[in-house]
């Protein structure tokens, strides 16, 4: 079982977007540069975040991405599902129904007990991811920061933040 | 995020091995036939279960696979880790350390807060999988069985079980 590298990139990018002034945007290429990752690969994940209604895509020369909801209303689960898709990791192929001598269909009205247990574990995983919002991540970061982390982020935003025209 | 199909096959196969008389074995090809799956693909997963010390591989004409531990001492987590490997699904690439203008290394003594939250969710997932043993799965199955499921399994084992020479 493996989550794609896009999950890490998407979470860090969402945290960076949470630092923008209201209405401002960042381009995918700026986010890619900041995190030292492939711009085309990150763009794909930003589009997935946009499709999931987690970010707005603003067109034009001042365009880019910005959060569509408040940071405390966006959880790790939202981001993971946007990037990886909503399907559970365990996908039951109903192999109990295969092979020679299958049972009558009425035995399969109830989901396979193995699938039920696997999906129950995924529910607790998702519930745990849903507990952490972007705001929580930013608070955790601030607690470890003596100023240098914020200064680095601000230096980056001074150059790359695309401010809303008022 | 996706678990390989081998997880489902391995769990069902382990449940079937739990039905054997003490010392008896089943071949990978018999298990593959019963579940209607590729013998070569299942063999790979049986070897992974063997490497993880969950099954014994008995060589020779009466050989095959049998559980190495009691069914109530083998959990879903044991099987998932055997087939999928022990690495967590979220693998931190430390992208916070990349890009231009990186912070001094001392800021990275503590694990990234994002990785910490993602791994915390995996811990609860694993803990949930660890709660269910093969014995639990068999008990769940028995509760839904009016006899036909057991009869189907017994008919299969009558032909394929390789009993220990006494």
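FRET efficiency for residue A:41 and residue B:119, Cβ-Cβ distance as r, R0 = 22 Å, nearest 0.05? After rounding, the FRET efficiency stands at 0.45. Nearest chain B C-beta to the B/A rotation axis, reported as residue and distance in angstrom, is B:125, 2.
Taken as Cα centroids, segment B:40-99 and segment A:118-166 sit 35 Å apart, rounded to the nearest whole angstrom.
Taking the 0 to 90 degree range and rounding to the nearest ten, how far is the long axis of helix A:134-144 tilted relative to the main principal axis of chain A, both from C-alpha atoms? Helix A:134-144 and the main axis of chain A meet at about 60 degrees. Distances, shortest first, from the label point of residue A:85 to those at the same position in the other copies read 2.1 nm; the point lies 7 Å along Cα to C-beta.
Other protein chain C-beta atoms within 10 Å of residue C-beta, averaged over A:117-130: 6. Fully extending the segment from residue A:58 to residue A:103 would add 10.6 nm, taking 0.36 nm per residue of separation and subtracting the current Cα-Cα distance. As a ratio to 2.2 N^0.38 Å, the alpha-carbon radius of gyration for the protein assembly as shown is 1.25. Look at B:92, A:154 and count the other Cβ atoms within 10 Å of each Cβ; fewest to most, that gives A:154, B:92. With the convex hull of the Cα atoms taken as the outline of segment B:1-110, the averaged projected area works out to 10.0 nm². In chain B, the longest principal axis of the Cα atoms and the axis of helix B:148-160 are about 80 degrees apart. Give the shape of segment B:56-166 as rounded, prolate or oblate, defined through the alpha-carbon gyration tensor: a ≥ b ≥ c are the square roots of its eigenvalues, a/c under 1.5 means rounded, and otherwise the shape is prolate if a/b is larger than b/c and oblate if not. Prolate, because a/c is 1.5 or more and a/b exceeds b/c.
Partner shielding of A:133-139 amounts to 1, given as the average count of beta-carbon atoms from other chains within 10 Å of each residue beta-carbon. Maximal additional length on extending the residue A:94-residue A:131 stretch stands at 10.1 nm, based on 0.36 nm per residue less the C-alpha distance. Take the Cβ atoms of residue A:150 and residue A:70, set R0 to 25 Å, and the FRET efficiency comes out at 0.80. By the helix-only formula, in which each DSSP H run with n ≥ 4 contributes -39500 (n - 2.57) and the sum is divided by residues, chain B has a 222 nm mean residue ellipticity of -16000 deg cm²/dmol. Peptide B:147-157 shows a mean partner chain C-beta count of 2 within 10 Å per residue C-beta.
Measure nothing fancy, just the Cα-based angle from helix B:39-51's long axis to the longest principal axis of chain B, in degrees from 0 to 90, nearest 10. Around 70 degrees separate the two axes.
Bear in mind that the values in this text are calculations on the coordinates, not laboratory data. None of these values were measured; they are calculated from a predicted model. Note that each Cβ is placed from the backbone with ideal geometry, even for glycine, and that neighbours are counted across all protein chains shown.
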